[in-house]
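The values are calculated or read from the model by the stated rules, or taken from the named source; none is laboratory data. If you're wondering where the values come from, they're calculated on a predicted model, not measured in any experiment. We place every Cβ from the backbone using ideal geometry, glycine too, and count neighbours over all the protein chains shown.
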Amino acid sequence: MTFRTLTKWLFVAVCTLAVSNGMAARLKDMAVVSGQRPNQLIGYGLVVGLDGTGDNSGSNPVTGQSVITMLNSLGVSVPAGINLQARNAAVVMVTAELAALARPGQLMDVTVSSLTNARSLRGGTLLMTPLKAANGQVYGQAQGSIVVPGASVSTALARMTVNQLSSGRIPSGGIVEQAAPEADMDPVVEFNFHKVDYAQIQRAVEAIAKVVGDENAVSAVDARTVSVRVPVQRAQRVNLMAQLLELDIQPVMDIARVVVNARTGSVVVNQSVKLAPFAVTHGNLTIHVQANNQVMPQSLVSRNRPVTQRNERVNIDSGPTGQMVRVDEGASLEQVVRAINMLGVTPQDLMSILQAMKTSGALQAELEII
């Protein structure tokens, strides 16, 4: 697919977005309820059952100590001073996310990652591992067989690995032991919007006030937060919150922004981008670097061994004469894409042109390079 075709598809996609911009969005898609958030959990555990791909205990005594501690907790006495060569075991870090309003007994996925020098966790089983939150309290337990989406094949002379083998997941391998502390039944609930915009907050206040039926019960805290007074009685509270989260709110047009990915060369322009009058020229320069390795005879340079000399040649070829393209004031995305097609530039050239346009003041948008 050529860059010209790519920009045409980009224009069609953004025009479709412009048409759909008039459609309302639900409140649950634009904001989150303050206080209802997930909590991160972490634990230190031991994986067993590995086929000789575990930690190397010779240079890493942590695994042996962990195995001894685990055996002692199970009533197995291990004499002091013994260095266990537990190549079928590996110490790991276990992470999980405690969902908002999670209750004891619910299941959650956990991620298991090797902590030291294990070559692979494939086929291993995680032993019961407590999962703690930032406050140090245990909120979950994890145990189960690890699913590693990868493979490794090795011979005496070569080895090939597909994907990462030192980490994996245990679907539904964690159990919630205690629920996270709930927020008090405060009569005021706050909605935190994903985007900071005063106009969007004003529209949200007007729409929510119509559902609540009391303008004084809804107020804007700032450009991101709206506070709503809701009933304290649980049944009425759930009923009103369900109506509010499904409420359709007319979104506002986002600020003009051009996002450029410097690694992949992709450029995304939203429909708010406008251009001041400007003219741009584009010319192509091709640089050819050729390197030829020439072996110098032994008798001419050295008595011991031949010398390899590197010869480089650089050629710069000018491409066709650049075109001067003029864009009128207030040009929209359609004119921008047409100008890009007329130039026939590559993504790398487009990034340079956009940066120059931003510097000169012709691009009336926020230029973000990621």
Original post:
Using beta carbons and a limit of 6 Å, which pairs, at least six apart or on different chains, have the first residue in the range 172-194 and at positive phi and the second one hydrophobic (A, V, I, L, M, F, W, C) and part of a strand (DSSP E or B)?
Top reply: SER172/LEU107
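Hey, could you check the range 163-181 for residues that are of a type in the set (Gly, Ala, Ser) and assigned to a strand (DSSP E or B) and say which is surrounded by the fewest Cβ atoms within 10 Å (Cβ to Cβ)? So that I can check it myself, show each step before the final result.
First, pick out the residues of the range 163-181 that are of a type in the set (Gly, Ala, Ser): 166-168, 172-174, 179-180.
Checking which are assigned to a strand (DSSP E or B) leaves us with 167-168, 172-174.
Numbers: SER167: 18, GLY168: 24, SER172: 11, GLY173: 24, GLY174: 29.
That would be SER172.
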**OP:** Please enumerate the residues belonging to the range 182-230 that are more than 14 Å from ALA31 (Cα to Cα) and in a strand (DSSP E or B).
**Re:** VAL188, VAL218, SER219, ARG229
**OP:** Determine which single condition GLN271 fails, assuming it passes every other condition in (1) modelled with pLDDT under 75; (2) part of a strand (DSSP E or B).
**Re:** (2)
Original post:
List, please: which pairs have Cβ atoms under 6 Å, are six or more places apart or on different chains, and start with a residue in the range 347-370 that is among the small types (Gly, Ala, Ser) and end with one that is loosely packed, with under 15 Cβ neighbours inside 10 Å and assigned to a strand (DSSP E or B)?
Top reply: ALA365/ARG257
Original post:
Scanning for something assigned to a strand (DSSP E or B) and modelled with pLDDT of 70 or more, does the range 295-304 turn up at least one residue?
Top reply: no
**OP:** Those residues that are farther than 18 Å from LEU115 by Cβ and at pLDDT 80 or above, I need them from the range 148-173; list them, please.
**Re:** PRO149, PRO171, SER172
Subject >> Selection status of ASN72, at pLDDT 90 or above, exposed (fewer than 13 other Cβ atoms within 10 Å of the Cβ) and of a type outside the set (A, V, I, L, M) >> reply: no
Subject >> The one condition in (1) at pLDDT below 90; (2) over 30 Å from ASN135 (Cα atoms); (3) within 32 Å of the chain's Cα centre (by Cα) that GLU215 fails to fulfil >> reply: (3)
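Using the structure shown, decide if SER145 is touching a Ser or Thr at 6+ places or on another chain (Cβ under 8 Å), outside the structural domain of ARG224 (by TED's automatic domain parsing), at pLDDT 90 or above and surrounded by fewer than 18 Cβ atoms within 10 Å (Cβ to Cβ).
Yes.
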Original post:
Is one or more of the residues making up the range 95-112 more than 30 Å from ALA179 (Cα to Cα) and not hydroxyl-bearing (Ser, Thr, Tyr)?
Top reply: no
**OP:** Could you please give the count of residues in the range 39-63 that are at pLDDT 90 or above and part of a loop (DSSP other than H, G, I, E, B)?
**Re:** 2
**OP:** Return the total of residues in the range 73-104 being outside any loop (DSSP other than H, G, I, E, B) and among the basic types (Lys, Arg).
**Re:** 0
